[in-house]
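One structure is given below, encoded as structure tokens.
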Amino acid sequence: MTDFSSVKDKVAVVTGAADGLGMAISLCYAENGMKVVVSDINVEKGMKVVEDIKSKGGEASFFKADVSKEEDVKGLVDFAVETYGRLDGLVNNAGIAAENRPTHEYSTQEFDKLLSIDLKGVFMGMKFAAQAILKSKSSSGFIINVASLAGILGNSSMAIYSSAKHGVIGLTKSAALDYAQYNITVNAVCPGTFRTSVWGQAPEEVINEYAKIFSPSGRLGDPKEVGHLALFLASDLARYISGTAISIDAGSSAGKITPSRWSNPEILD
Ligand SMILES: NC(=O)c1ccc[n+]([C@@H]2O[C@H](COP(=O)([O-])OP(=O)(O)OC[C@H]3O[C@@H](n4cnc5c(N)ncnc54)[C@H](O)[C@@H]3O)[C@@H](O)[C@H]2O)c1
């Protein structure tokens with residue numbers, strides 16, 4: 001039987017873990033026996049995630065870190081090692097989106113800000129975590145970088161976000177080769193459209209309408225589904241997977257949808 005018990009007691013840092021996909025990954029890791037450092041700029045929500053994990057018998061700690069600040073990222077990795085004595089993995093999940101606009105309407109300040117979080121933050125996370133994982137002599141180290149469908153395909157009105165996420169995939173592939181002989185896998189996951197706080201207070205019917213247009217499956221992804229993928233990549237079942245950008249998007253990145261009429265629609269009845 002195949003199971004995920006190999007992750008038990010592994011120590012992982014998850015950034016942007018107070019909400020959305022990072023929270024779902026942290027909960028999934030803790031449920032499966034991993035020790036999780038939940039990190040975010042939002043202390044209140046981050047602490048709630050830790051309390052939730054602990055109330056279910058899991059092991060977690062919170063560390064406030066802004067991933068765009070080098071001293072914070074170094075402090076985060078040091079905290080993980082001081083708290084749990086080692087580090088096995090990092091999920092570079094923290095990220096922000098930009099308002100949708102044509103390329104010429106973005107300011108260079110907006111570009112710098114977004115890239116300092118979505119790209120430089122990922123680089124710095126890898127830089128410090130890789131050293132800590134190597135020093136921990138982890139036999140199954142892993143780094144997971146949360147990119148996006150926008151890291152695989154260009155997107156109108158999303159030039160700066162898309163450039164950062166394409167960069168994340170470049171960092172991932174290169175670092176995977178740097179550490180392939182040293183027991184650290186490095187992969188990117190590329191979510192399509194998930195039901196997280198990016199939707200704000202949008203009404204349910206607007207969300208459903210969007211899902212019908214932009215998701216081939218007609219529904220938005222559930223953050224838990226990214227949690228499950230991240231669990232697999234953290235487990236020993238995935239040791240031969242490195243340097244890839246794995247889409248989790250119900251087929252959005254596979255190509256265009258062309259409407260067609262089925263000759264036997266009754267098979268759906
Ligand atoms: N939700 C989606 O549909 C989707 C699709 C593709 C990619 N992604 C990517 O997934 C990741 C998570 O997105 P989400 O939808 O869960 O977002 P979210 O807004 O729900 O959660 C992001 C978390 O990151 C934290 N954060 C923001 N800036 C930070 C910083 N500088 N340092 C540390 N933490 C910071 C926020 O406080 C928040 O808790 C992002 O990298 C995003 O680009 C999301």
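The values are calculated or read from the model by the stated rules, or taken from the named source; none is laboratory data. Note that the coordinates shown come from a computational prediction; the quantities given were computed from them, not determined experimentally. Every residue, glycine as well, gets a Cβ built from its backbone with ideal geometry; the counts of neighbours run over all protein chains shown. What goes into the accessible areas is simple: the full protein's heavy atoms, side chains included, and nothing from ligands, DNA or RNA. Shrake-Rupley method; radii C 1.70, N 1.55, O 1.52, S 1.80 Å.
Quick look at the numbers
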| quantity | calculated |
| --- | --- |
| Residue match in segment 87-100 (condition: in a helix (DSSP H, G or I), open to solvent by less than 20 Å² (accessible area, probe 1.4 Å) and either of a type in the set (A, V, I, L, M, F, W, C) or more than 17 Å from LYS35 (Cα to Cα) (or both)) | no |
| Flag for LEU21 being part of a loop (DSSP other than H, G, I, E, B), among the hydrophobic types (A, V, I, L, M, F, W, C) and buried (at least 24 other Cβ atoms within 10 Å of the Cβ) | no |
| Selection count where residues are assigned to a helix (DSSP H, G or I) and within 15 Å of the ligand (Cβ to nearest atom), scope segment 1-18 | 0 |
| Which numbered condition SER55 misses (of (1) crowded, with 20+ Cβ neighbours inside 10 Å; (2) without any contact (Cβ under 8 Å) to a residue 12 or more places away in the chain) | (1) |
| Subset of segment 121-157 [farther than 29 Å from TYR106 by Cα, within 15 Å of the ligand (Cβ to nearest atom) and open to solvent by 10 Å² or more (accessible area, probe 1.4 Å)] | PHE128 |
| Any helices (runs of 4 or more DSSP H) falling wholly within segment 158-235 and containing at least 1 residues that are touching a residue at least 24 places away in the same chain (Cβ under 8 Å) and buried (at least 22 other Cβ atoms within 10 Å of the Cβ) | 159-179, 223-234 |
| Subset of segment 101-112 (residues that are in a helix (DSSP H, G or I) and either in contact (Cβ under 8 Å) with a residue 60 or more places away in the chain or of a type in the set (Ser, Thr, Tyr) (or both)) | THR103, THR108 |
| Residue that is nearest to LEU27 (Cα to Cα) [pool: residues in segment 182-213 that are touching a Ser or Thr at 6+ places or on another chain (Cβ under 7 Å) and within 10 Å of the ligand (Cβ to nearest atom)] | PRO191 |
| Meets criteria (within 10 Å of the ligand (Cβ to nearest atom) and open to solvent by less than 50 Å² (accessible area, probe 1.4 Å)) for VAL73 | yes |
| The lone exception for SER68 - which of (1) among the small types (Gly, Ala, Ser); (2) open to solvent by 10 Å² or more (accessible area, probe 1.4 Å); (3) not in a loop (DSSP other than H, G, I, E, B) it fails | (3) |
| Scan of segment 113-157 for residues that are within 16 Å of LYS69 (Cβ to Cβ) and assigned to a loop (DSSP other than H, G, I, E, B), ordered by number | LEU119 |
| Top-ranked residue in segment 28-51 [being open to solvent by 40 Å² or more (accessible area, probe 1.4 Å) and within 14 Å of the ligand (Cβ to nearest atom); ranked as farthest from VAL13 (Cα to Cα)] | GLU44 |
